[in-house]
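In what follows, a structure is listed as structure tokens, so that the remarks can point back to it.
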Amino acid sequence: MEKEKFKLKDLSGKEALQILLYSVKKFHEIAENYEEEKMADQKYYVASDEKFLKDADENLDEISFIFKELAFHAQNGSNNSLINFELDSKFIYEFTMHYNPKAFLNKIGNNITEANVSEFIEGLSNGDPNKSSKFVLNYLKCLKYCAEYLVTKNNKAEVIADLKANSYKEAFNKFTNRIKKGYGLALTLDFLKEFDSKVFNYPKPDLHLRRFILLNLNDYDMSQYATKTNLTKLNLNSINDFVAVDSYLTLMDKANEEVKKYSNNISFPNYILDKIIYILGSGKFYLANPQKKRNTKSKTEYFLGIFNKEYCNIDIEKELNIITSYLQ
């Protein structure tokens, strides 16, 4: 499909803040109607790695848990249907020598072998020797880089200090200079924001965020896509990950500058709108009930609502109290 043109709209601060508040409000409306557990009462913007990766039976120290986090995020590198962490976690735990970087490196040696690849494929619940070998080879190379990096660190604080940066681009460069396989920009920012969202306050430029940027922040006419039928036909490769992140951060900067007119005590983390866009765009209300079926209506209702500028009806002073409880 031919690439659509993209030019970031010159949004006012008021519009940026209204988009953010509209998004939070829409999230609440959909979540409360969808989840009997009342997901809207949860602090949905917090990192979820701890909830879904913390396993008391493993009793991992900080470095080993970071190794597990890296392995978890790296599974989405090129074939996210191959590894199912819920089903494969016990095998990967054993294969990585209990996520012990030094022991794993001793097991692997200097190079990943065909025997390593075969062992890994055979241990997966969805492994296929005819289709999986290339991905698994790259995945194991990534794990090797992760282990080589982590053996030089003693705790989480040292990793944060080493990767901390003044911008997402600097953080990305630092990360990929250390872990040279398996992580592009989207996966890197996904890991970092889950790792410590206060230090690495970045969005993940996934397909949902790029759809949001293209459809709702593009200065060119996108009306042909603003229907339930055509919403998914949008060419999401029209902008690259860096353009998506820059555009998103511009929106958040304007929203945070605008909110100062109403309160000096409120500041929105970049993470918050990114999480809303993902949950509504994917329909995965996973923080409340990860097993429940997707809400397929949420994407259409949300994206088209913003496209039709329903956010212009937001009364900023009235709606600010929606979000403050999440930031306390």
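Annotation: extensible slack from Asn106 through Asp221 equals 35.7 nm (criterion: 0.36 nm per residue apart, minus Cα-Cα distance). Probing with 1.4 Å while keeping every protein chain in the model, the per residue accessible area of the stretch 194-305 equals 43 Å².
Per-residue accessible area (protein heavy atoms, 1.4 Å probe) orders Glu158, Glu319 as Glu158, Glu319, starting from the largest.
Taken one residue at a time, the phi angles of the stretch 267-280 give Karplus couplings (6.51, -1.76, 1.60, θ = phi - 60°) of 9, 8, x, 4, 4, 5, 6, 4, 5, 4, 4, 5, 5, 6 Hz. Gly and Pro are set to x. One chain, two ends: Lys174 and Asn126. Fully extended at 0.36 nm per residue, the span grows by 14.0 nm beyond their Cα-Cα distance. Which FRET efficiency value, to the nearest 0.05, do you get for Thr229 and Asp61 by plugging their Cβ-Cβ distance into 1/(1 + (r/R0)^6) with R0 = 51 Å? Efficiency, from the Cβ-Cβ distance: 0.50.
Peptide packing for 147-155, 60-68, 310-318, 200-208 was compared via the average number of neighbouring C-beta atoms within 10 Å per residue; ordered from the highest value, the list is 200-208, 60-68, 147-155, 310-318. Here's how it looks for Leu8: its modeled amide H is under 5 Å from those of Asp219, which are all 5 or more places away or on a different chain.
Dividing the mean sequence gap of close Cα pairs (under 8 Å, 6+ apart) by how many residues the stretch 199-305 holds gives a relative contact order of 31 percent. Multiplying the residue separation of Asn313 and Lys198 by 0.36 nm and removing their Cα-Cα distance gives an extension gain of 38.3 nm.
Rounded to the nearest 20 Debye, what is the dipole magnitude of the stretch 185-299 about its Cα centre when Lys and Arg each give +1 and Asp and Glu each give -1 at the C-beta?
Working: 17 positive and 12 negative charges, 153 e Å.
With only Lys, Arg, Asp and Glu charged at Cβ, the dipole is about 740 debye.
The values are calculated or read from the model by the stated rules, or taken from the named source; none is laboratory data. Since the structure is predicted, the reported quantities are computational estimates derived from the model, not experimental observations. Here the Cβ is made from the backbone with ideal geometry for all residues, glycine too, and neighbour counts use every protein chain on show. To get the accessible areas, we keep the full protein, side chains included, count just its heavy atoms, and leave off ligands, DNA and RNA. Shrake-Rupley method; radii C 1.70, N 1.55, O 1.52, S 1.80 Å.
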